Amino acid sequence: MIEIREQEYEDVEEFKDGIINSFAEARGQPFGWGLFAFEALDNGERVGVVMGYWLYDWLYVEYLAVTEAARGEGVGSQLLERAEAHARKLSLEGIALDTFGYQAPAYYEARGYVEHMVIPGKNRERDRIYFQKRLQGN
């Protein structure tokens, strides 16, 4: 009899990776992936970070975070540009990311990101908006 039980994410992640990797390799599509993280420092103090992973042909930004004090100073733009440069260095097709309606959709649109999909929330502020940006010259 099969038993389903709750488990900590970290405790099953390696098991899950083995299954997924075997499935992909059996179909001639072994995973090419890696993690990335860049920080922004102001006089040695961390004021922002961009981090995520790349998988196959795309870089996925999981987090772009800038301290309140550093917002409006171009820190986020510099971090995003660094992530884009990293994706180009890896010859990736583009970058994908998401944000909530109350966060920064206009910010990403102003930087050339195109809305790809929206998962509606209870209100517009809670909509989860997915963006992508194809990189030129890869």
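Here, each number is a calculation from the coordinates, and none is a lab measurement. Given the structure is predicted, the values throughout are model-derived calculations rather than measurements. With ideal geometry, Cβ positions are generated from the backbone for all residues, glycine too; neighbour counts draw on all protein chains shown.
Overview of values
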quantity: Spin-label zone in region 96-116 - amide nitrogen under 15 Å from a point set 7 Å from the Cα of VAL49 along the C-beta vector; calculated: none
quantity: For a label point 7 Å along the Cα-to-beta-carbon line of ALA110, residues of region 40-82 with backbone N under 11 Å; calculated: 72-74, 77
quantity: Relative contact order (percent, whole number), the chain, Cα cutoff 8 Å, 6+ residue spacing; calculated: 16
quantity: Contour excess over end-to-end distance, with Cα ends at LYS89 and MET117 and 0.36 nm allotted per residue; calculated: 7.4 nm
quantity: Candidate aspartates and glutamates - alpha carbon under 19 Å from LYS122, same-chain residues fewer than 8 apart omitted; calculated: ASP98
quantity: Sorted peptide list for 79-92, 27-40, criterion being average Cβ within 10 angstrom, highest first; calculated: 79-92, 27-40
quantity: CD proxy at 222 nm, helix term only [per DSSP H run n ≥ 4: -39500 (n - 2.57); per residue of the chain; nearest 500]; calculated: -9000 deg cm²/dmol
quantity: Förster-model FRET efficiency, 30 Å R0, GLU13 and GLU73, C-beta, rounded to 0.05; calculated: 0.25
quantity: Rounded to whole Hz, the Karplus (6.51, -1.76, 1.60) HN-Hα couplings of region 88-94, x for glycine and proline; calculated: 5, 4, 7, 6, 7, 6, x
quantity: Table column - 3J(HN,Hα) (Hz), region 53-70, Karplus curve with 6.51, -1.76, 1.60, x for Gly and Pro; calculated: 8, 10, 9, 6, 9, 10, 9, 10, 7, 8, 9, 10, 9, 10, 4, 3, 5, 9
quantity: Partner lysines for LYS133 [C-alpha distance under 24 Å; skip if fewer than 8 residues away on the same chain]; calculated: LYS89
quantity: Taking only Cα atoms of the chain, radius of gyration then Dmax in Å; calculated: 17.7, 60
